[in-house]
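Here's the structure we're looking at; comments come further down.
The values are calculated or read from the model by the stated rules, or taken from the named source; none is laboratory data. These figures come from a predicted structure and were not determined experimentally. Cβ placement follows ideal geometry from the backbone for every residue including glycine, while neighbour counts extend to all protein chains displayed.
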Amino acid sequence: MSQATLNIDLAGQDAVIPFQVSPLDVRGRAVQLGPMLDSILERHSYPEPVSRLLAEAITLTALLGTSLKFEGKFILQTQTDGPVSMIVTDFTTPGSIRAYARYDEQAVENADTNSVSSLLGNGSLAMTIDQGEHTQRYQGIVHLDGIGLEEVARRYFLQSEQIPTEIRLAVGEVLTRREGEKPARTWTAGGVLLQFLPDSEERMRMKDLPGGDGATDDDGNFKEDDAWAEAQALMNTIGDIELTDMSVEPERLLFRLFNEHGARVFDSTPVIDNCSCSKEKIHNVLIGLSPQERAESVENGEIAVTCQFCSQKYSFEPSKILSKN
């Protein structure tokens, strides 16, 4: 991006855009989700507050998962005592996402639906990186104590990797009314993740937590780097509508934020609604159950399994499953 014009090919919806602002020593990723997100949420038909919360989790997963430089998975999962007791979003490189939520319908109705903390309650959020067989999983856990997913990401990177991180997430919906039909809802979402990653060792020390060896002011408080403070201030100017309005492409938002410094945009990574389940995989899971568990799975003369992620239904003949040792 130049400081005067925006003259690049726009990535469009359902694509994550890496970017770098060298004068501020920051790097990040931006995304705007449309049809892919709508496909996932429409399939599940969750209550509106649950759909919004899951949409935020999908957006965060897209921003984090596309940073993987190897073949593998990034899994975000919550386990809490709130009305929405579990959220699972599963990213498989290079850009496949699937997701689902568990919730108590009555508890959701009684909750403050404008509060993420009210829906989630207390518990934990785990972010897991899985590089496949013969490798050890890496997992970071953040305690959920009334915080939202934006704060989760900040704490995760500060605690696990000591990288100052700022993030903005927003979810929107468009209601289309046609005569004689119920209003049709279309979901959109967007997000920007920004991290302070200076090359200078001296400036890197500035990111230390209070009590570390970073610089402090005369009162002993943590002294924040000016470049990072400016980057955070710019991020705080982002409005929800800029993230969810399909007419405001992420590249245009980045230009608005960083045109005085110049932002370099890299090739985007498309993200798609794609579940990895298959009849063969479900068959292998059933074979792994005990004979008693397999027998208890028979109902109306068949063993039926529905994938929680994509709602695909699989049916098996009991005789071909129960006879397995």
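Among the residues of the range 120-129, not a single one is surrounded by fewer than 15 Cβ atoms within 10 Å (Cβ to Cβ), free of Cβ contacts under 8 Å to residues at least 24 places away in the same chain and more than 18 Å from the chain's Cα centre (by Cα). Does N221 satisfy the condition of being at pLDDT 95 or above and out of contact with any helix residue (DSSP H, G or I) (no Cβ under 8 Å at 6 or more places or on another chain)? The answer is no for N221. Of everything in the range 311-325 that is closer than 30 Å to A99 by Cβ and in contact with a helix residue (DSSP H, G or I) (Cβ under 7 Å, 6 or more places away or on another chain), the residue that is modelled with the highest pLDDT is Y314.
Just one of the listed residues (G288, G262) is over 28 Å from L54 (Cα atoms), surrounded by 14 or more Cβ atoms within 10 Å (Cβ to Cβ) and not hydrophobic (A, V, I, L, M, F, W, C), namely G262. Looking at E56, E48, E71, E42 in this structure, which one is in the same structural domain as Q139 (by TED's automatic domain parsing) and under 22 Å from V248 (Cα atoms)? Checking each option against the conditions leaves just E56.
When residues of the range 248-294 are filtered for being hydrophobic (A, V, I, L, M, F, W, C) and outside any loop (DSSP other than H, G, I, E, B), how many remain?
11
Could you check, for the range 98-119, whether at least one of its residues is crowded, with 21+ Cβ neighbours inside 10 Å, within 24 Å of S276 (Cβ to Cβ), without any contact (Cβ under 8 Å) to a residue 40 or more places away in the chain and among the hydroxyl-bearing types (S, T, Y)? No, the range 98-119 contains no residue that is crowded, with 21+ Cβ neighbours inside 10 Å, within 24 Å of S276 (Cβ to Cβ), without any contact (Cβ under 8 Å) to a residue 40 or more places away in the chain and among the hydroxyl-bearing types (S, T, Y).
In the range 1-93, which strands (runs of 3 or more DSSP E) lie fully inside it and hold 2 or more residues that are at pLDDT 95 or above and surrounded by fewer than 23 Cβ atoms within 10 Å (Cβ to Cβ)?
On the way: elements: 15-21, 26-33, 73-80, 86-92.
In the range 1-93, the matching strands (runs of 3 or more DSSP E) lie at 15-21, 73-80, 86-92.
Note on the range 295-322: residues that are under 17 Å from K281 (Cα atoms), part of a loop (DSSP other than H, G, I, E, B) and free of Cβ contacts under 8 Å to residues at least 40 places away in the same chain amount to 4. Going through (1) modelled with pLDDT under 95; (2) farther than 17 Å from V152 by Cβ one by one, S96 falls short only on (1).
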